[in-house]
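The values are calculated or read from the model by the stated rules, or taken from the named source; none is laboratory data. Quick caveat, the model's predicted, so the values are computed rather than measured. Virtual Cβ from ideal backbone geometry, glycine too; neighbours counted across all protein chains shown. Just the protein is used for accessible areas: all its heavy atoms, side chains included, with ligands, DNA and RNA removed. Shrake-Rupley method; radii C 1.70, N 1.55, O 1.52, S 1.80 Å.
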Amino acid sequence: MRIGLYPGSFDPITLGHMDIIRRGAKLVDKLVIGVTTNPSKTPLFPLDTRLAMIRRECAALGNGTIEVVAFDSLLMHFARECGASLILRGLRGASDFEYEYQMTGMNQYLDSSIETVFLMADVALQPIASRLVKEIAVLGGDISRFVTPAVRDDVLAQIAARKAQGS
Ligand code: ADP
């Protein structure tokens, strides 16, 4: 059974992520979406909320072969734990490439038996980034072309809650 791991912070899950998930699920028997706690970034959504949002959005994708799991260990250790032979990453452009190029190189040193595979989202979805979705939403812009309606509502509610708390 070929298992793929798609890691990321998914804060929040976007239509770009979902396109990569749809494409990636076709390449493997099981796709594990690994959600990082990523302590170096302060997320908009707590980890448990991100997991629930991804599970909800992916319910209709991949015919039940998609699992959503949190991890805070080294990516290559987690990949081995999952039994993954492939790590899937999305590429959006040159800036992603620079980062991924170095990460993949370092990961090959850690475990050269696990391949990293890069996918590109549909051309229309390539510019979408969670960071920009959040920035646009905070400033009152329309994010409905970048995320599903349910995720848009979650983002707006979370931003409103943060503002009410004064943070
Ligand atoms: P990270 O915090 O590690 O960048 P993200 O949640 O932002 O994780 O993204 C996870 C993966 O999804 C990364 O490989 C990223 O390049 C990819 N990705 C995100 N948005 C898109 C998109 N619009 N098109 C293609 N790949 C994407």
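Entry comment: accessible area of the chain is 55 Å² per residue, from protein heavy atoms only and a probe of 1.4 Å. Legend: calculated FRET efficiency, MET120 to ALA161, from the Cβ-Cβ distance at R0 = 45 Å, rounded to 0.05, equals 0.85. The Cα center of region 85-134 and the Cα center of region 37-81 differ in position by 16 Å.
A cut-off under 9 angstrom between Cβ atoms defines the neighbours of GLY16, and their net charge, with Lys, Arg +1 and Asp, Glu -1, is -1. A full extension of the chain between ALA70 and ASP153 corresponds to an added length of 27.6 nm, given 0.36 nm per residue minus the alpha carbon distance.
Accessible surface of ARG22, taken over heavy atoms with a 1.4 Å probe and every protein chain present, rounds to 110 Å².
Taking amide H as placed 1.01 Å from N in the peptide plane, ILE33 has its amide H under 5 Å from the amide H of TYR6, GLU67, VAL68, VAL69, each at least 5 places away in sequence or on another chain. Taking the protein heavy atoms of the chain in the context of the full set of protein chains, the accessible area attributed to carbon and sulfur is 56 percent at 1.4 Å. Calculated over the chain, the projected area of the Cα convex hull averaged across directions stands at 9.7 nm². Around LEU27, under 13 Å between beta carbons, what's the net of Lys plus Arg minus Asp minus Glu among the other residues? Neighbour charge sum, excluding LEU27 itself: +4. On the beta carbon distance between GLU98 and ASN38, with R0 = 22 Å, the FRET formula returns roughly 0.70.
If you sort MET106, MET53, MET1 by accessible surface, 1.4 Å probe, largest first, the order is MET1, MET106, MET53.
Residue order by solvent-accessible surface for TYR6, TYR99 is TYR99, TYR6, largest first, with ligands and nucleic acids left out and a 1.4 Å probe.
Taken about its Cα centre, the chain carries a charge dipole of roughly 280 debye when the Cβ of each Lys and Arg holds +1 and the Cβ of each Asp and Glu holds -1. When the surface is traced with a 1.4 Å probe over the full set of protein chains, LYS30 keeps roughly 50 Å² accessible.
Farthest towards the positive end of the charge dipole of the chain, among the residues ALA59, THR49, SER144, is the Cα of SER144, using unit charges on the Cβ of Lys, Arg, Asp and Glu.
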